[in-house]
């Protein structure tokens, strides 16, 4: 997507040009699923996705649509052209997945992929959410990014909830159909993806795109195009089998964080809190070492206070030992833990998932 105008401030005319181009790369997703897992329900799910790689035919959407079990899925482009799609990756933690389609099946639409630019997100950014909001073919809803570090939303107790990440928030009044929609700036770049909201209010929740960009790069690195059979792509995702929450300094000082640890933080960066253990997987390697309320200080001698920094370090150290320093009630302690490999679902889909599929998942 090109820049509508070389200025620092978006104009109405600039937005109109950008939206007209972005709409072409946004698709309505329709997925028919059976009840494949305990927390899933059978039925038809309708939402949104958008093209992130035109040559390879890759569409980004939410994990609720790029379903993790047997399904039949299709997408409809802005000009009413339809094509079948197959999920090729569902992230094991965060709320996103990828479909793949045959680019040659879209014969009459001139469109471009939407670039992913997570670093462009900032508080006060004027954004548009473009998608299939309430069952309409397309909708354009406006808003302003108000928060970049809200807690991941808790949707329901017995279903999927994201964790170990911040979310963004804006008051756009979006509904379920906008799940999977690109959140674009006035340059036509996706700075986040819409993945949820409040049924009775205007706030919408957006997923940051850093982990999305990383996963997409692994898929693209194989260099496969639709004419090739799809092979399994390994996307390393590290885990300590621990969930963390972000707590402000005033909260963690109440559970014993001492001022000396705060002094370790880089004064050049604005840090208002730290990561605290929220839960540990039973029978995991971490269970005998960590407890709820332990405050993370360093990983491999690097001060870690943000989810993204922690995830990046774990993803880069799969099957390796890492040294972690924590505080518990004002007392320092260190543990060494093996970083486990989270199973990515890029190769667990059979050809039965999509009728007349040309894909092969590989071994």
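The values are calculated or read from the model by the stated rules, or taken from the named source; none is laboratory data. All of these numbers come straight from a predicted model, not from anything done at the bench. Every residue, glycine as well, gets a Cβ built from its backbone with ideal geometry; the counts of neighbours run over all protein chains shown.
Worth pointing out:
- Candidates 95, 133 - the one that is in the same structural domain as residue 76 (by TED's automatic domain parsing) and in a loop (DSSP other than H, G, I, E, B): 95
- Filter result for residue 322 (in contact with a strand residue (DSSP E or B) (Cβ under 9 Å, 6 or more places away or on another chain), closer than 30 Å to residue 222 by Cα and either modelled with pLDDT of 65 or more or not in a loop (DSSP other than H, G, I, E, B) (or both)): yes
- In region 245-254, the count of residues that are in a loop (DSSP other than H, G, I, E, B), at pLDDT below 95, surrounded by fewer than 18 Cβ atoms within 10 Å (Cβ to Cβ) and in contact with a strand residue (DSSP E or B) (Cβ under 8 Å, 6 or more places away or on another chain) is zero.
- Checking each residue in region 143-169 for being surrounded by 14 or more Cβ atoms within 10 Å (Cβ to Cβ) and over 21 Å from residue 92 (Cβ atoms) picks out 143, 145, 146, 147, 148, 149, 150, 168, 169.
- Residue in region 57-75 that is surrounded by 24 or more Cβ atoms within 10 Å (Cβ to Cβ), in a loop (DSSP other than H, G, I, E, B) and either at pLDDT 90 or above or assigned by TED's automatic domain parsing to the domain that holds residue 175 (or both) present: yes
- Residues satisfying the stated conditions in region 153-182, i.e. outside any helix (DSSP H, G or I) and either touching a residue at least 60 places away in the same chain (Cβ under 8 Å) or assigned by TED's automatic domain parsing to the domain that holds residue 96 (or both): 158, 159, 160, 162, 163, 164, 165, 166, 179, 180, 181, 182
- Here 32, 36 are screened, and the one residue that is at pLDDT below 65, touching a strand residue (DSSP E or B) at 6+ places or on another chain (Cβ under 9 Å) and assigned by TED's automatic domain parsing to the domain that holds residue 89 is 36.
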